[in-house]
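S.K.: I'd like to ask you about the structure that follows.
FYI, it's all coordinate maths here, none of it is from the lab. The structure presented is a predicted model; accordingly, all values stated were derived computationally and were not measured. So basically every Cβ, Gly included, is an ideal-geometry build from the backbone, and we count neighbours across all protein chains shown.
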Amino acid sequence: MNHDNYDDNYIRGILNNVKSIAMVGASPVNVRPSYFAFKYLAQRGYDMIPVNPGHVGKNLLDKPFVASLADIGRPVDMVDIFRNSTHIMPVVEEALRLDPLPKVIWMQLGARDDAAAARAEAAGIKVVMNRCPKIEYGRLSSEISWMGVNSRTLSSKRAPMPTQGMRLSLNRTSVGGGETAASDRAAKNKTDVT
Amino acid sequence: MTDRLPGFSTLAVHAGAQPDPTTGARATPIYQTTSFVFNDADHAASLFGLQAFGNIYTRIGNPTQAVLEERIAALEGGTAALAVASGHAAQVVVLQQLLMPGDEFIAARKLYGGSINQFSHAFKSFGWNVVWADPDDAGSFERAVTPHTKAIFIESIANPAGSITDIEAIAAVARKAGVPLIVDNTLATPYLIRPIDHGADIVVHSLTKFLGGHGNSLGGVIVDAGTFDWSKDNKYPMLSEPRPEYHGIRIQETFGNFAFAIACRVLGLRDLGPAISPFNAFMILTGIETLPLRMAKHCENARAVAEFLSGHPAVAAVNYSGLAGNPYNNLARKYAPKGAGAVFTFSLKGGYEAGVNLVSNLKLFSHLANVGDTRSLVIHPASTTHSQLDDAAKVKSGAAPDVVRLSIGIEDKEDLIADLEQALGA
Ligand SMILES: Cc1ncc(COP(=O)(O)O)c(C=O)c1O
């Protein structure tokens with residue numbers, strides 16, 4: 001897997017197939033990105049589980065916080081890690097002890113740990129790094145186009161008006177542009193400095 | 001298997017647009033409204049807090065405008081775009097995100113005269129200090145870099161002389177200095193040059209010109225390439241620091257590789273106010289659908305007119321980079337292989353007087369201060385667009401007193417040549 005640039009079909013396959021998402025590092029503070037990514041994914045019909053040992057006993061949008069992945073007590077399709085790159089490995093190790101294993105480990109925008117990714121992939125888990133599932137869902141559904149963002153997709157079909165809890169079609173035509181010389185250069189520059 | 005990727009002309013027609021969800025309208029509707037109702041208080045709060053996708057008020061964004069933005073982002077190969085009221089508004093909004101009072105930016109000396117004025121005078125009163133460099137010498141940009149430099153600004157094809165800038169050479173300087181390269185791509189359009197492919201971090205346009213293309217609507221746009229790391233050394237606090245007006249959100253952390261476009265919208269456009277009207281966004285969007293056809297014709301006509309003028313006994317020199325022997329011809333072949341644009345200058349052996357006569361004798365060319373119209377246009381920059389510059393600056397920016405600027409339209413080229421021939425002979 002090329003973790004600098006993901007093919008749209010890879011991301012689309014993940015977002016179309018997972019149903020439950022455990023979000024590690026979810027925050028109850030309503031101006032944190034994890035809070036509004038959690039809220040958006042819940043609104044789009046995903047079964048969301050907030051994981052954060054600092055907030056056990058509280059709820060996030062009516063879902064009770066659990067302290068760790070092991071405490072969820074039921075299978076989850078995807079683990080979405082809202083932690084810095086330096087805190088990724090322990091979460092991946094914890095995920096690798098789950099039975100059954102999650103199908104996907106997703107690391108949030110800004111977070112990347114190639115060694116942790118390699119271990120997850122060796123166990124047959126799909127990995128996405130340095131992306132936001134809310135942004136990717138909004139992009140592939142074109143819901144994000146309301147903000148002038150390049151969804152890099154086209155469709156000549158009339159889309160329904162999104163309502164609460166509604167899953168949107170992510171199966172628009174991809175137009176590329178995620179793998180331009182510019183994006184490769186940006187990815188390279190980032191790896192050069194670290 | 002990866003899907004087959006649509007080409008430029010397909011994107012020019014389709015990118016950003018889809019049938020209207022409520023009515024099924026296929027052309028993009030003109031959402032001529034100031035405001036949009038909220039579903040409930042929570043929805044309103046999420047929109048204001050930048051947590052949900054959707055519309056609030058047309059000074060921040062509008063659905064017709066959003067289609068225009070996504071279309072241009074797709075054509076330029078950027079991650080996102082923001083449309084504003086004019087090309088000049090785009091420049092103010094971009095620099096407001098990057099500069100604090102006392103900061104500097106380096107700009108090419110050959111620019112649209114209005115930009116030279118904006119940078120030298122209006123921006124000076126904001127405490128943003130322009131330092132000029134020579135676009136024909138990347139080393140002059142490197143020598144101008146100081147610890148206060150926050151950005152570099154160039155035009156891909158410079159107005160008025162149509163000279164071509166070596167974008168990659170100047171992008172290398174910007175990268176070394178750790179500052180973004182801003183390219184005004186107005187005269188090239190993404191059909192001829194895509195600056196992001198050559199290292200630009202931000203592209204701006206006056207949509208008023210070739211993109212709109214019909215001389216009927218003002219507009220501007222900012223395209224985010226998604227290539228710059230705004231948080232690296234805290235040089236760009238608008239993007240890297242918590243924003244008090246949005247409960248402490250950090251724009252780059254939240255929006256990743258389209259953070260710059262979001263900053264321009266929610267910190268620039270929202271607070272400075274130069275919104276594009278939905279009607280203008282619609283007119284420009286319609287124009288863009290035929291951009292590839294028009295640009296090919298503009299370039300074909302411009303080359304024919306430039307060749308005609310080069311052979312005319314009353315003409316002293318023609319500055320069209322598409323002509324062999326022009327000093328910019330190699331750069332034109334590299335950066336704009338489909339055509340060297342349709343704006344260029346020439347000078348007359350009879351000097352200033354002959355220029356004034358020519359303009360008054362033309363019957364098909366319109367004498368006005370614009371470029372990039374379907375109609376062919378003519379102007380004498382020294383007495384109009386560049387009149388506020390002193391004589392030395394006029395010469396340096398390519399607008400010497402004997403120079404006439406043409407913007408070649410999409411009429412029949414034989415008619416354009418006949419009009420110039422009669423006017424030069426009169
Ligand atoms: C290259 C260039 N940039 C910017 C502008 C300013 O654009 P506007 O008139 O839309 O503000 C112009 C206008 O002539 C231009 O030619």
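S.K.: Do you know the Lys pair count in segment B:291-425 for C-alpha distances under 25 Å, with sequence separation 8 or more or different chains?
M.R.: 11
S.K.: Something else now. Normalised by the empirical 2.2 N^0.38 Å for globular proteins, what value does the Cα Rg of segment B:151-284 take?
M.R.: Details: Rg = 15.9 Å, N = 134, 2.2 N^0.38 = 14.1 Å.
Output field value: 1.12.
S.K.: With +1 on each Lys and Arg Cβ and -1 on each Asp and Glu Cβ, and nothing else charged, work out how big the dipole of segment B:291-425 is about its Cα centre, in Debye to the nearest 20.
M.R.: Working: 13 positive and 13 negative charges, 108 e Å.
It works out to roughly 520 debye.
S.K.: A further question follows. Rounded to the nearest Å, what's the spacing between the alpha carbon centres of segment A:97-163 and segment A:1-70? Just the number, please.
M.R.: Their Cα centres are 11 Å away from one another.
S.K.: Right, next: From the backbone phi of segment B:131-144, what are the Karplus-calculated ³J(HN,Hα) couplings (6.51 cos²θ - 1.76 cosθ + 1.60, θ = phi - 60°) in whole Hz, Gly and Pro given as x?
M.R.: Per residue, the Karplus-derived 3J(HN,Hα) values read 10, 8, 9, 9, x, 8, 9, 4, x, 5, 6, 4, 5, 8 Hz.
S.K.: Follow-up question, since we're still on this one. Tell me, B:I56, A:I14, B:I202 in order of fewest to most beta-carbon neighbours within 10 Å?
M.R.: Numbers: B:I56 15, A:I14 21, B:I202 27.
If I rank by nearby Cβ atoms, fewest first, I get B:I56, A:I14, B:I202.
S.K.: Quick one: grab the alpha carbon gyration tensor of the protein assembly as shown, order the square roots of its eigenvalues as a ≥ b ≥ c, and give me rounded if a/c is under 1.5, else prolate or oblate depending on whether a/b is larger than b/c.
M.R.: Numbers: a/c = 2.29, a/b = 2.01, b/c = 1.14.
Verdict is prolate for the protein assembly as shown.
S.K.: Moving on. If each residue's Cβ is checked for other Cβ atoms within 10 Å, how do B:T146, B:T286, B:T186, B:T64 rank with the fewest at the top? Before the final figure, lay out each step's value.
M.R.: Working: B:T146 12, B:T286 17, B:T186 29, B:T64 26.
Least to most surrounded, the residues fall as B:T146, B:T286, B:T64, B:T186.
S.K.: Need one value for B:69-80: mean number of C-beta atoms belonging to other chains within 10 Å of its residues' C-beta atoms.
M.R.: Values: counts 6, 11, 2, 2, 7, 8, 2, 3, 8, 6, 11, 7.
Partner Cβ neighbours, averaged per residue: 6.
S.K.: I want to verify a result. In a Gaussian network model of chain B, Cα cutoff 10 Å, which of these has the top mean-square fluctuation: B:F105, B:F282, B:F308?
M.R.: For chain B, modelled as a Gaussian network with Cα springs under 10 Å, the answer is B:F308.
S.K.: Based only on other Cβ atoms within 10 Å, what is the fewest-to-most ordering of B:T33, B:T23? Walk me through the intermediate numbers first.
M.R.: Working: B:T33 14, B:T23 9.
Ascending Cβ contact count within 10 Å gives the list B:T23, B:T33.
S.K.: Could you work out, for segment B:291-425, what percent of all Cα-Cα pairs fall into each 5 Å distance bin, beginning at 0 Å and stopping at the bin that holds the largest distance?
M.R.: That works out to 2, 11, 20, 25, 22, 14, 6, 1, in percent per bin.
S.K.: Pull up the cross-link candidates among the aspartates and glutamates for B:K176, meaning alpha carbon to alpha carbon under 15 Å and not fewer than 8 places away within one chain.
M.R.: Partners found: A:D192, B:E142, B:E168, B:D201, B:D229, B:D233.
S.K.: Also: Looking at the P(r) of chain B, how many percent of alpha-carbon pairs lie beyond 37 Å? List each step's numbers first, then the result.
M.R.: On the way: 21245 of 90525 pairs.
Tail of the P(r) past 37 Å holds 23 percent of the pairs.
S.K.: Near the amide H of B:A316, under 5 Å away, which other amide H atoms are found, from residues 5 or more places off or on another chain, if H is placed in the peptide plane?
M.R.: Amide H to amide H, under 5 Å and 5 or more residues apart or across chains, B:A316 pairs with B:S347, B:L348, B:K349.
S.K.: In addition: Any chance you could give the angle, 0 to 90 degrees and rounded to 10, that helix B:351-361 forms with the longest Cα principal axis of chain B?
M.R.: 80
S.K.: Sticking with this one: Karplus couplings for segment B:221-226 from phi (6.51 cos²θ - 1.76 cosθ + 1.60, θ = phi - 60°), rounded to Hz, Gly and Pro as x?
M.R.: Residue by residue, segment B:221-226 yields 8, 10, 10, 8, 6, x Hz.
S.K.: Check segment A:8-193 and count each lysine pair with an alpha-carbon distance under 16 angstrom, considering only pairs eight or more places apart or from different chains.
M.R.: Taking segment A:8-193 as the scope, the lysine pair count is 9.
S.K.: Same structure, new question: Enter the angle in degrees (range 0 to 90, nearest 10) between the Cα long axis of helix B:278-289 and the first principal axis of the Cα atoms of chain B, meaning the one along which they spread out most.
M.R.: 60
S.K.: Okay, moving on. Rounded if a/c is under 1.5, else prolate if a/b beats b/c, else oblate: with a ≥ b ≥ c from the C-alpha gyration tensor eigenvalues square-rooted, which is chain A? It would help to have the intermediate numbers written out before the result.
M.R.: Numbers: a/c = 1.69, a/b = 1.17, b/c = 1.44.
Verdict is oblate for chain A.
S.K.: Counting Lys and Arg as +1 and Asp and Glu as -1, each charge on the Cβ, what is the dipole of chain B about the Cα centre in debye, to the nearest 20?
M.R.: On the way: 32 positive and 40 negative charges, 29 e Å.
For this selection, approximately 140 debye.
S.K.: Mind jotting down the three principal axis lengths of segment A:1-87 based on Cα atoms? Whole angstrom, largest first.
M.R.: Each principal axis gives a Cα extent; for segment A:1-87 these are 39, 29, 27 Å.
S.K.: Specify the angular offset, from 0 to 90 degrees and rounded to the nearest 10, of the alpha carbon long axis of helix B:167-177 from the longest principal axis of the alpha carbons in chain B.
M.R.: 40
S.K.: How big is the dipole moment of the protein assembly as shown about its Cα centre under a simple scheme where the beta carbon of each Lys and Arg is +1, that of each Asp and Glu is -1, and everything else is neutral? Debye, nearest 20, please. The partial results should precede the final answer.
M.R.: Details: 57 positive and 59 negative charges, 187 e Å.
My answer is approximately 900 debye.
S.K.: Pop out the ³J(HN,Hα) list for segment A:25-37 in order, Karplus 6.51 cos²θ - 1.76 cosθ + 1.60 with θ = phi - 60°, rounded to Hz; leave Gly and Pro as x.
M.R.: Rounded to whole hertz, the list is x, 4, 10, x, 7, 6, 10, 8, x, 5, 4, 7, 5.
S.K.: Moving to a separate point now. Would you calculate a helix-derived [θ] at 222 nm for chain A, using -39,500 (n - 2.57) for each DSSP H run of n ≥ 4 and dividing by the full residue count, to the nearest 500?
M.R.: Numbers: 6 runs with 61 residues, N = 194.
So the helix-based figure for chain A works out to -9500 deg cm²/dmol.
S.K.: If you don't mind, there's one more thing I want to ask. Roughly how crowded by other chains is peptide B:15-21, in terms of the mean Cβ count from those chains within 10 Å of each of its Cβ atoms? Write down the numbers at each step before the final one.
M.R.: Details: counts 8, 7, 4, 11, 5, 2, 5.
Other-chain Cβ atoms within 10 Å of each residue's Cβ, averaged: 6.
S.K.: How many partner chain Cβ atoms sit within 10 Å of a residue's Cβ in peptide B:194-203, on average, as a whole number?
M.R.: Working: counts 3, 1, 6, 4, 2, 3, 1, 2, 0, 0.
Average neighbour count from other chains, rounded to a whole number: 2.
S.K.: Where is the GNM fluctuation largest for chain B (alpha-carbon springs, 10 angstrom cutoff): B:Q118, B:Q388, B:Q51?
M.R.: B:Q51
S.K.: In whole angstrom, how far apart do the alpha carbon centroids of segment B:1-61 and segment B:370-396 sit?
M.R.: 38
S.K.: Can you give the relative contact order of segment B:284-413 as a percent, counting alpha carbon pairs under 8 Å and 6+ residues apart?
M.R.: Numbers: 196 pairs, mean separation 34.4, N = 130.
Relative contact order comes out at 26 percent.
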